[in-house]
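Here's the structure we're looking at; comments come further down.
A short reminder: the numbers here are calculations on the coordinates, not readings from a lab. Since this is a predicted model, take the numbers as computed values, not measurements. Cβ atoms come from the backbone with ideal geometry, glycine included; neighbour counts cover every protein chain shown.
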Amino acid sequence: MLLSISSCIGTDVVDVELVDERLAIDTRLTSLAVGESYQFMADYFNNMGEEEMATVNWSSSNEGVISISAEGLAEAHMLGEATITAEYLGAEDMVTISASDQTVEMTARTGSFMGANNYSVNGDFNLLEENGQLLLTFESNFQASTGPGLFIFLSNSPNSITGALEVGAIQASRGEQVYPISLANAGLNTYDYVLVWCKPFGVLFGRGRFDN
């Protein structure tokens, strides 16, 4: 539906859409050493982007390579590759894991911004886990339209901060900047989008989706 609302500058017409229900496997694992086990977790988000409790069904495409229990505990048995699937109420997520001679975990995610609602937001960002916390970094090519009350959010909706994590007030309208995030509030794979949001008027200035 379309909503006409007062914005940071004049009046914007914003297309507000419900998002697809989403199940996200929350893991940094890319390779599991043969003989080792790993506990998978998954987060379920409803069509407003809000997280809800869910009893997830787990399966493996190749139980001989990597098996997984009903509780999400996986074990690597032999060299090869398997796709782990999590499913709940028709929503599902999949991740392909290699069984190899060592366990390897992803440590960073990257993405790029684009503007929204006639505002300009550009540049690259990355999210990495370091020293027991997450660091959301905007690269030196970041630049955004100025406006009052701009905040940064991590969200599972490209258009809404419902169910999103407020990272903090924007530090600058351009240039490199770093936002620390507690691992108690989010994991590396918990959210799909970074939003630049005008809080006083509820207007999206820009969004970026993680590429990985």
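Miscellaneous remarks
- Spin-label pair Thr30/Ala70, simplified geometry with 7 Å Cα→Cβ offset, distance in nm: 3.4 nm
- Stretch gain in nm, segment Thr107-Gln133, where the contour uses 0.36 nm per residue and the Cα spacing is subtracted: 8.2 nm
- Fully extending the segment from Asp211 to Ala184 would add 7.4 nm, taking 0.36 nm per residue of separation and subtracting the current Cα-Cα distance.
- Stokes-Einstein translational diffusion, region 32-126 - Kirkwood Rh over all Cα pairs, 0.692 mPa s, 37 °C, in µm²/s: 211 µm²/s
- Distance cut-off 29 Å, percentage of C-alpha pairs in the chain lying past it: 33 percent
- Based on every Cα atom in region 106-210, Rg and the maximum pairwise Cα distance Dmax equal 12.4, 38 Å.
- Per-residue Karplus couplings for region 207-212, computed as 6.51 cos²θ - 1.76 cosθ + 1.60 with θ equal to phi - 60°, are listed in order as 9, x, 9, 5, 7, 9 Hz, Gly and Pro entered as x.
- Built amide H within the under 5 Å cut-off of Ala42, gap 5+: Asp26
- Modelled spin-label separation between Lys199 and Ala172, with each label point placed 7 Å from Cα along the Cα-to-Cβ direction: 2.1 nm.
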